[in-house]
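For reference, the structure is listed below as structure tokens.
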């Protein structure tokens, strides 16, 4: 399941479908810069589970979109430092807690991505398993939006409420089923919103929860590329 994705740093400041984005006081929530110079529009940022994400939300009072910094992963009830859960199944997002309440409350967000990773569980000759990371790349460099739901958590150890979000998932498309998830009985992928679905998912227009849920669908018919992520070289022993 997706636990890492990339975006261009400049996309946290883009005009999303003719709607200006503004930042929350905490900034846009950058992840790890992988290329280019700080502040450059060419910097590729990697976002990971447990780290901050720049989440697009709808501010109903201001009647405008804005970007809010949130942690990827709800706090585990046993230890808030642990991000769990990190995903919400689209089939039950409107009926199963802890997702049902924010979904019906309109606490739905979008995170823009460039590429995303999926893990393939492989059994080694020794019988042990390892996870191989695949990068899914649409190859056109266009920003697309993952669907998220978010909540505010009051945590005694923290001086201010935690804003945390989880990614909605759908059944994997043919590309991912064939290349990455061929051994899985229930392969999944992130829910990617159609460009014209952003306003409905965010709650900018009046729509029933059923209409919002129907936006979470598998994106098929794509001419994307999937490739194994190179392993990082092990440090040489001196």
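Coordinate-derived values only; no laboratory data. All values derive from a computational prediction rather than experimental measurement.
Taking only the C-alpha atoms of the stretch 4-228, Rg followed by Dmax gives 17.4, 59 Å. In a fully extended conformation the segment linking residue 220 and residue 184 would gain 11.1 nm over its present Cα-Cα distance, using 0.36 nm per residue.
Overall shape: oblate for the stretch 107-166, with the ratio a/c of the largest to smallest alpha carbon gyration tensor axis at 1.5 or above and b/c at least equal to a/b.
Considering only the Cα atoms of the stretch 42-95, their convex hull presents on average a projected area of 6.0 nm². Note on the stretch 153-238: semi-axes of the ellipsoid equivalent to its C-alpha gyration tensor, largest first and rounded to whole Å, are 32, 26, 12. Each distinct pair of alpha carbons in the stretch 116-207 adds a 1/r term; the inverse of their mean, the Kirkwood radius, is 16.3 Å.
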